[in-house]
Amino acid sequence: MSDRPGVVLRREPARGCLNLRGNPRDAGFRNAVAAVTGVELPVESCTWGPAGDAAVYWLGPDEWLLVLPAGREADVERRLREALAGSFSVVDTSGTHCFLNLSGPARGYVLQKSSPYDFHPRNFPAGRCVQTVFAKASALVAANPDGSFDLVVRRSYADYVRDWIADAEEEYGFARG
Amino acid sequence: MGTPRRLPSGGRIDRDRPIAFSFNRREMRGFSGDTLASALLAHGVATVARSFKYGRPRGIVGHGVEEPNAIVDLGVGAAMTPNVRATEIELFAGLEARTSRAPWQGAVGPLARYLPAGFYYKMFLHARGFRTWERFLRATAGLGGVPEGPDPDTYDHLNHHCDVLVVGAGPAGLAAALEACRAGARVVLADEQAEFGGSLLAETGPVDGEHASSWVARTVAELESHPDAVLLARSTVSGLYDHNFVTVVERRPDAAGAPDVAGAPDVAGARERLHRVRAGQVVLATGAIERPLVFANNDLPGVMLASSVFTYLHRYAVVPGERMVLCTTNDSAYRTAIDWVGAGREVAAIVDARPEPSGAAMQAATRAGIEVIHGHAVIEARGRKRVREAVVAPLHGEDDRLTGPPRRIGCDLIACSGGWTPTLHLAAQTGVKPRWSDEAIAFLPVPAGDAVTWAGSAGGARSLPACLQTGAAAGAMAASRTGHGEGRVSAEPPETDEPPETPSRALFLVPHQRPPSRAPKQFVDLQLDVTAADIELAAREGYESVEHVKRYTALGFGTEQGKLGNVNGVAILARALGQDIAATGTTMFRPSYTPVTFGAVAGRDVGGFFDPERRTPMHGWHEEQGAEWEDVGRWKRPRYYPKAGEGMQDAVNRECLAARDGVAILDASTLGKIDIQGADAHVFLDRIYTTGFRRLGVGRCRYGLMLHEDGTIFDDGVTARIAGHRYLMHTTTGNAEAVFDWLELWRQTEWPDLDVYCTSVTDHWATAALVGPKSREVLGRVCDDIDLSRDAFRFMDVREGHVAGVPARVFRISFSGELSFEVNVPAHRGREVWDALIEAGAEFDITPYGTEAMHVLRAEKGFIIVGQDTDGSMTPADMGMDWAVRRNKPFGFLGERSLSLPDHLREDRLQFVGLASGDAVLPEGAPLVEVPDGAPPIPNQGFVSSAYHSARLSRPIALGLVRGGRTRLGEILHCALADGRNLPVTIVDPVFYDPDGKAQDV
Amino acid sequence: MLRIRCPYCEEARSEEEFAYAGEAHIRRPEDPEALSDREWGEYLHFRTNARGPHREMWVHAAGCRRYFNVLRDTVSYEILDVYPIGKAPSDDSTGNGA
Ligand SMILES: [Zn+2]
């Protein structure tokens, strides 16, 4: 085994998270979200986009995860409620999510051993995100432009997921970033 | 020990790398590149095992996956793997192997004549005392040993997605993979051997003008250059499932390239990997296995497949004998005899069953000076521990009967070939039965859709050029079906010098002078000792279906799974039934193709990974306090917090009294929580819950029951109105996900017109329940922006504010009957708020309590736990909870209609009651009866659902369900204990403590 | 192991991500109280149990969490069609067409 670890797992600091629901075909809804957050909602399935220090992930045909710098979620939630009309939902889920970053040359093997989804670059280039099975938990996985992957997991499963990935050490070499 | 049977040169072994190993405790030597089987043959080892039923000596028959006899336990101690084929074990330094033995092996020999096919069925059909027999039989069942401890090795899984999966890397598979790669497809190529090449590894003729092995090397190098090709050697495709989901078991080499198998020196990573492949197209290039001939004593060591002799000769430079008789029905085996002579050994004769063989093979044999006895067959092998002579007799040209007297030919090796059986196990796993072809004398695959194709000898190809050509075509076609290429091959198939074949003869059971029932045993299934006589007996006894005969005789039931014996068995059965083979058909093949280790199936899902542990934000604190745990769903919850010297009951008593008299704190973060918002949220809740939600004020909470459409209780919990169109629903810990799915089911499928959204916030909130008369004071120390007074913050109110400086939602709800505040803060701040509450409570001796005390407290109040006091058949009325059901709502609610079904109105339904039981804590689940000692059957009156010792009441309490129980208060029933005692139990009201609810109203 | 195309995620995913959710196109009666016990019982308990093409609901449990309809052959397990909730079946050749 080489000295260079095959897998590097970095635990990201807490972020502000809002689960956002509404009709993507409603221009008023999209515009109001853009006006408050500066973020264009991705309407194509299984895609995500960064926007300054924020990011937004497609979760479903009427559902997104808005990720903000920690502490901004309450303010943005309030302003969204003021700006939105009609059918929508905004829920603070900052406590729900733990953010992990997976890099290193064997990162693909860790995804392959953990999930039935096809993470091959042909199928999962940068800008894609997917909610899928991850070992015996589930995760939102996003492909980054630098080739690393972001994993968003539920807090109660975070220790399990981190231990699971660290267990790849024997096979691939592992380091905490 | 010397290696008398090793040739001085040749083979694909590395003579510079000798390897020491032991077999059945004898020290031996082989070379890198050997299998255990080839090394044993090089030593001249004849007997490797005793047969399963009769204890007869058995030798190596094959050279690969088909081997039925040379089955060994590999490695020692905990890392031992039982039942591995010696033909598939790559030799490594320090290898230790022992013959896998059946526990009673050999003991049956003398009794064998009393154990015909179907012995057990006959013996035990009407037998008394089967239980007694079973103990004896169980002890004798099975083959191979059991490892001495937990497996120290690791196993892993890996998922793959590809356009084309090619199974088998022989000539057809290599050609297929090459074409698919060239077309741009993502390809997985798997082969069970350590090296790609299959039959080409023993091939002597040229391919594409070069030695076959260099063509293999060049092809593999090109495949390796494709970044999207995954090449899996030592990888057995064990199952082909729906939608081309394929399981591949890879035995992994270590970094040095030595095989990593049981007992081998340390290697990094998993010993085996289970690859889970999802393939657009599957190309089965699984090859064919030579078919043995069934003749008398055909199980003697020294009777081998002709192709295996050929392989040992060329690939391993091993001659498994000196003087050979080749017995064949076809051309393909001739070269084994010819090359045997070339290796300086003697061929006593080629015995060809065909009346007048002709053609290139025959001529070559004659040129090599070999006597060809045509129109004959070997009808019997003779010898004690190995073959000493072959008995040969003339065969009628068409009927399978003898036409003259036998003669004997001295030899120590009988190589035989009854033709070829395409390896169709995977093809048949799709559920489509292969069809018999009289022309091919084989079962051939039948298409099932266009996502699985085959190539090479698996599809009936009989020559190397045909294998290469069908392989290339199948690879190109499969790639094009996944959108890569036009389906045309990129190059002409490579040329070979193989002569055309002449027709074969269909021969399965070789006739003997005596009928099968009287002849020496003619084995069809070597592994399970099934003979031709057994199959004929089954037919005589009325079995007609091949599946039934398989089960009656155990034909093909061993780990060998009919690879050698299936076709012969079917042919013998067909003849016994007087019908043709096509009408008889073959048995079904199911996964796995070869045995798969439990380790490979489990992968890393073992130990702590077997089931994920969900942890609350306060998990570390509970750990520091030495909590004992209870698993609730996947959650780890503190069950109780023992202090030094305390047992569980002491701790629970202390925790309960603290909650009733002072202040106690519970981590309630695991409760399911769902945010529900939208203009129609109240309408939605009204339909989901038995309770009404239209009039619930903002800042108020309401308890509700959730019913299935059949009227039974599914979940319960408190839902709060947070804001105008926004609610927070609590579910039970174990049901959180099921409830969320239930809400989404109705929201999405039946009521998409409702403006409502549900979002799970279970993980978002950390929840601390402060319980007890002092809880208000404790909370007041860390919360100054919520008025906590009795009238400003009433029972069933919810307020927002800050606790310990963290934005919080506080519910004044109670599952204990005491004054109680449930403090919710975002989970990432849960621990700091918990610590602040503990600190604030220190002067009141705040006591953490666990699930056990929580259960006692709620049981004292007669509060139900869904799933403990209900079992999926209880209605609200059964539980005495009609107060929580609001009828005449505009829409009604789910399950309402069922409440008026006649069965739900029966007066003798099980009803929820309290049970008083003197001074014994009743066992939960214990049945209740009226008469303790009447004659059975004694009518059941109900059961105990919850039982605890109540510290507050200083006596046991219990809850249960009793037929018509609510009208039977005061009646005495009897609770039957496992030890035979019966305890009298009095039916009482389920509320044991504070029936007026004064404690929480302070 | 099935591969199911989620009409919302717009790609084929592995069966592990999905959960079966029963027969499709069973409408809840508008007014349950107006039904006889027998009629209500049929709504509750009786299903087509088709051999061959069968319309059924699946939920993309580990993915977008949306329910949708699948036309699946219960013999070959071939998936013949996938379509959203609320859309009528494309034909009614099955035992449980709308
Ligand atoms: Zn989806």
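Among the residues of the stretch B:303-329, just one is open to solvent by 10 Å² or more (accessible area, probe 1.4 Å) and in a loop (DSSP other than H, G, I, E, B), namely B:Glu322.
Considering only the stretch B:902-918, state which residues are free of Cβ contacts under 8 Å to residues at least 60 places away in the same chain and either open to solvent by less than 60 Å² (accessible area, probe 1.4 Å) or within 12 Å of chain C (Cβ to nearest Cβ) (or both). So that I can check it myself, show each step before the final result.
Of the stretch B:902-918, the ones free of Cβ contacts under 8 Å to residues at least 60 places away in the same chain are B:902-903, B:905-906, B:908-911.
The answer is B:Pro902, B:Asp903, B:Leu905, B:Arg909, B:Leu910, B:Gln911.
Applying the set (1) crowded, with 17+ Cβ neighbours inside 10 Å; (2) of a type outside the set (S, T, N, Q); (3) within 26 Å of B:Pro826 (Cα to Cα); (4) more than 13 Å from chain B (Cβ to nearest Cβ) to A:Asp53 leaves exactly one unmet item: (1). Considering only residues in the stretch B:881-901 that are more than 9 Å from chain C (Cβ to nearest Cβ) and open to solvent by less than 50 Å² (accessible area, probe 1.4 Å), the one that is farthest from B:Pro990 (Cα to Cα) turns out to be B:Lys889. The residues in the stretch A:38-49 that are in a loop (DSSP other than H, G, I, E, B) and within 16 Å of the ligand (Cβ to nearest atom) can be counted, and the count is 5. For the stretch C:24-34, does any single residue satisfy the condition of being within 12 Å of the ligand (Cβ to nearest atom) and among the charged types (D, E, K, R)? So far as the stretch C:24-34 goes, no, none of its residues is within 12 Å of the ligand (Cβ to nearest atom) and among the charged types (D, E, K, R).
Is there a residue in the stretch A:81-100 that is of a type in the set (S, T, N, Q), facing chain B (nearest Cβ under 8 Å) and farther than 27 Å from A:Ala166 by Cα? Within the stretch A:81-100, one or more residues are of a type in the set (S, T, N, Q), facing chain B (nearest Cβ under 8 Å) and farther than 27 Å from A:Ala166 by Cα.
For the condition of a type outside the set (Ser, Thr, Tyr), under 30 Å from B:Glu843 (Cα atoms) and open to solvent by 10 Å² or more (accessible area, probe 1.4 Å), what is the one hit in B:Gly724, B:Gly697, B:Gly633, B:Gly626? Spell out how you get there, then give the answer.
Working: B:Gly724 fails: under 30 Å from B:Glu843 (Cα atoms); B:Gly697 fails: under 30 Å from B:Glu843 (Cα atoms); B:Gly633 fails: under 30 Å from B:Glu843 (Cα atoms).
Residue meeting the stated conditions: B:Gly626.
Summed over the stretch B:41-84, the residues that are under 31 Å from the mean Cα position of the chain (by Cα) and assigned to a strand (DSSP E or B) give a count of 10.
Run down C:Arg51, C:Arg38 and say which single residue is modelled with pLDDT of 95 or more, over 14 Å from the mean Cα position of the chain (by Cα), away from the ligand (no atom under 16 Å from the Cβ) and in a loop (DSSP other than H, G, I, E, B). Can you show your working first?
Working: C:Arg38 fails: in a loop (DSSP other than H, G, I, E, B).
The conditions single out C:Arg51.
Taken over the stretch B:676-704, the criterion of being touching a strand residue (DSSP E or B) at 6+ places or on another chain (Cβ under 9 Å) and in a loop (DSSP other than H, G, I, E, B) is satisfied by B:Gly678, B:Thr690, B:Thr691, B:Gly692, B:Phe693, B:Leu696, B:Gly697, B:Val698, B:Gly699.
Just to be sure I understand, how many residues within the stretch A:78-91 are open to solvent by 30 Å² or more (accessible area, probe 1.4 Å) and in contact (Cβ under 8 Å) with a residue 40 or more places away in the chain? I'd like the intermediate steps shown before the answer.
Of the residues in the stretch A:78-91, the ones open to solvent by 30 Å² or more (accessible area, probe 1.4 Å) are A:78-79, A:81-83, A:85-88.
From the residues that got through so far, the ones that are in contact (Cβ under 8 Å) with a residue 40 or more places away in the chain too are A:79, A:83, A:85-88.
So the answer is 6.
Residue check: is A:Val153 touching a helix residue (DSSP H, G or I) at 6+ places or on another chain (Cβ under 6 Å), within 19 Å of A:Cys17 (Cα to Cα) and open to solvent by less than 20 Å² (accessible area, probe 1.4 Å)? Considered against the rule, which asks whether it is touching a helix residue (DSSP H, G or I) at 6+ places or on another chain (Cβ under 6 Å), within 19 Å of A:Cys17 (Cα to Cα) and open to solvent by less than 20 Å² (accessible area, probe 1.4 Å), A:Val153 comes out as yes. Being in contact (Cβ under 8 Å) with a residue 24 or more places away in the chain, open to solvent by 30 Å² or more (accessible area, probe 1.4 Å) and away from the ligand (no atom under 12 Å from the Cβ) is a property that C:Val75 has. Filtering B:Leu564, B:Leu526 for residues that are open to solvent by 20 Å² or more (accessible area, probe 1.4 Å), of a type in the set (A, V, I, L, M) and closer than 19 Å to B:Glu290 by Cβ leaves a single hit, B:Leu526. In the stretch B:163-193, the residue that is nearest to the chain's Cα centre (by Cα) out of those that are open to solvent by 10 Å² or more (accessible area, probe 1.4 Å) and within 14 Å of another protein chain (Cβ to nearest Cβ) is B:Asp163.
Considering the conditions (1) closer than 28 Å to B:Arg615 by Cα; (2) among the charged types (D, E, K, R); (3) buried (at least 19 other Cβ atoms within 10 Å of the Cβ), A:Lys136 is excluded by exactly one of them, (3). Within the stretch A:10-37, the residues that satisfy the criterion of being in a helix (DSSP H, G or I) and either open to solvent by 50 Å² or more (accessible area, probe 1.4 Å) or of a type outside the set (Val, Ile, Thr) (or both) are A:Ala27, A:Gly28, A:Phe29, A:Arg30, A:Asn31, A:Ala32, A:Ala34, A:Ala35.
Here's the yes/no breakdown for (1) out of contact with any His (no Cβ under 9 Å at 6 or more places or on another chain); (2) part of a strand (DSSP E or B); (3) in contact (Cβ under 8 Å) with a residue 12 or more places away in the chain:
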| site | (1), (2), (3) |
| --- | --- |
| B:Gly485 | yes, no, yes |
| B:Val489 | yes, no, yes |
| B:Pro500 | yes, no, yes |
| B:Ser504 | yes, no, yes |
| B:Leu507 | yes, no, yes |
| B:Pro511 | no, no, yes |
| B:Arg514 | yes, no, no |
| B:Ala519 | no, no, yes |
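The values are calculated or read from the model by the stated rules, or taken from the named source; none is laboratory data. The structure presented is a predicted model; accordingly, all values stated were derived computationally and were not measured. Here the Cβ is made from the backbone with ideal geometry for all residues, glycine too, and neighbour counts use every protein chain on show. To get the accessible areas, we keep the full protein, side chains included, count just its heavy atoms, and leave off ligands, DNA and RNA. Shrake-Rupley method; radii C 1.70, N 1.55, O 1.52, S 1.80 Å.
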